[in-house]
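Participant: Supplied in structure tokens, the structure appears directly below.
The values are calculated or read from the model by the stated rules, or taken from the named source; none is laboratory data. Bear in mind the structure is a predicted one, so any value in this text is a computation, not a measurement. When we count neighbours, we look across all protein chains shown, and the Cβ atoms used for this are built from the backbone with ideal geometry, even at glycine.
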Amino acid sequence: MTTVLFSYFAGVIVLMAVLVVASRKPVNSALSLLVMFFHVAGLFVLLNAEFIAAVQIIVYAGAILVLYLFVVMLLNLRAEESYHKQYLVGLVVGLAILIEAVLILSRSGFADRALPAAAPAPDVLSGNTEGIGRALYTTYLFPFEVASLILLVAMIGAIILAKKGMFGKEEKRSLR
Amino acid sequence: MVPLSYYVILSTMVFVIGVIGVLIRRNIIVILLSIELMLNAANINFVAFSHYLQNINGQVFVFFVLTVAAAEVVVGLAIIIALYRGKATVHIENINLMKG
């Protein structure tokens, strides 16, 4: 059962990832990414990470993707006629990284070594959300506070960058 | 039970597709979407290892990746909007101010 679900999720994820890169219209790319996020969330449920799955849907599909779609529709973009001139270089680089990763995986030998896939120990993972909360507020308290600072800086930066007339008229001229 | 290596292979494939997307697309918004693909590949790896090693810390890191991704998207899209106001294009071939 798990294997069937995994193959379904993995197949859709790879297909949608290819569609994100390949489709000509930016709206289609964003919607393919939306479908991919939902299937990644399914994969997380399969891995007993319910909290992360919910966050994936709420934050990624609910907030980030909506922001993307908003900007795509705001800018009123045309479909792309062709890929970048350097698409051959891109394909070669991608192939090289893929071969490297496969080599590393096959040399490391952890693929053969079956890791214990037992049911979660009750004291370690008693309630996924509870475990994450405990780790977040004890071991990772400082990074958690830094993350909130990052969000604040991003918020201020976005407002300042997107504000109209932030850069003077002369500067706007010189951009053209 | 699905072996861990399947998850690693899946995330490698998604990551490579993201790299190719960054390199071959001309629309800067789609390039940002490809970066999201790569971040998601990393997240799949984190959660898979967290499950197989029975260690919750991997999922905490996914949380931080999400935070950074959200910040990156917000700033990136704001830059794109500012750029579009100035040059009325999002194609990276037309954005060559620094080439001189």
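Participant: In the list A:72, A:14, A:20, which residue meets the criterion of being β-branched (Val, Ile, Thr), surrounded by fewer than 17 Cβ atoms within 10 Å (Cβ to Cβ), free of Cβ contacts under 8 Å to residues at least 60 places away in the same chain and in contact with a helix residue (DSSP H, G or I) (Cβ under 6 Å, 6 or more places away or on another chain)? If you could, list the steps in order and put the result at the bottom.
Facilitator: Values: A:72 fails: surrounded by fewer than 17 Cβ atoms within 10 Å (Cβ to Cβ); A:20 fails: surrounded by fewer than 17 Cβ atoms within 10 Å (Cβ to Cβ).
Step by step, each of A:72, A:14, A:20 is checked, and only A:14 is β-branched (Val, Ile, Thr), surrounded by fewer than 17 Cβ atoms within 10 Å (Cβ to Cβ), free of Cβ contacts under 8 Å to residues at least 60 places away in the same chain and in contact with a helix residue (DSSP H, G or I) (Cβ under 6 Å, 6 or more places away or on another chain).
Participant: What residue, of B:82, B:71, B:42, B:78, is part of a helix (DSSP H, G or I) and at pLDDT below 90?
Facilitator: On the way: B:71 fails: at pLDDT below 90; B:42 fails: at pLDDT below 90; B:78 fails: at pLDDT below 90.
Checking each option against the conditions leaves just B:82.
Participant: Quick check on my filter: what residues within region A:117-165 are within 7 Å of chain B (Cβ to nearest Cβ), at pLDDT below 85 and assigned to a helix (DSSP H, G or I)?
Facilitator: A:162
Participant: I would also like to ask the following. Please pick out the residue among B:82, B:69, B:48, B:42 that is buried (at least 19 other Cβ atoms within 10 Å of the Cβ), out of contact with any Cys (no Cβ under 6 Å at 6 or more places or on another chain), among the aliphatic types (A, V, I, L, M) and closer than 24 Å to residue A:145 by Cα. Can you show your working first?
Facilitator: Numbers: B:82 fails: closer than 24 Å to residue A:145 by Cα; B:48 fails: closer than 24 Å to residue A:145 by Cα; B:42 fails: buried (at least 19 other Cβ atoms within 10 Å of the Cβ).
After applying the criteria, what remains is B:69.
Participant: List the number of the failed condition for residue A:103; all other conditions in (1) more than 7 Å from every other protein chain (Cβ to nearest Cβ); (2) surrounded by 12 or more Cβ atoms within 10 Å (Cβ to Cβ) hold.
Facilitator: (2)
Participant: Right, something else. Going by the structure shown, is residue B:54 at positive phi and either facing chain A (nearest Cβ under 7 Å) or in contact with a strand residue (DSSP E or B) (Cβ under 7 Å, 6 or more places away or on another chain) (or both)? Spell out how you get there, then give the answer.
Facilitator: Working: at positive phi: yes; either facing chain A (nearest Cβ under 7 Å) or in contact with a strand residue (DSSP E or B) (Cβ under 7 Å, 6 or more places away or on another chain) (or both): yes.
Yes, satisfied.
Participant: If you don't mind, another one. Evaluate the following for residue A:28: is it more than 21 Å from residue B:58 (Cα to Cα) and surrounded by fewer than 19 Cβ atoms within 10 Å (Cβ to Cβ)? Break it down stepwise before answering.
Facilitator: Values: more than 21 Å from residue B:58 (Cα to Cα): yes; surrounded by fewer than 19 Cβ atoms within 10 Å (Cβ to Cβ): yes.
In short, yes.
Participant: All but one of (1) within 26 Å of residue B:82 (Cβ to Cβ); (2) buried (at least 20 other Cβ atoms within 10 Å of the Cβ) hold for residue A:37, so report the exception by its number.
Facilitator: Among (1) within 26 Å of residue B:82 (Cβ to Cβ); (2) buried (at least 20 other Cβ atoms within 10 Å of the Cβ), residue A:37 violates only (1).
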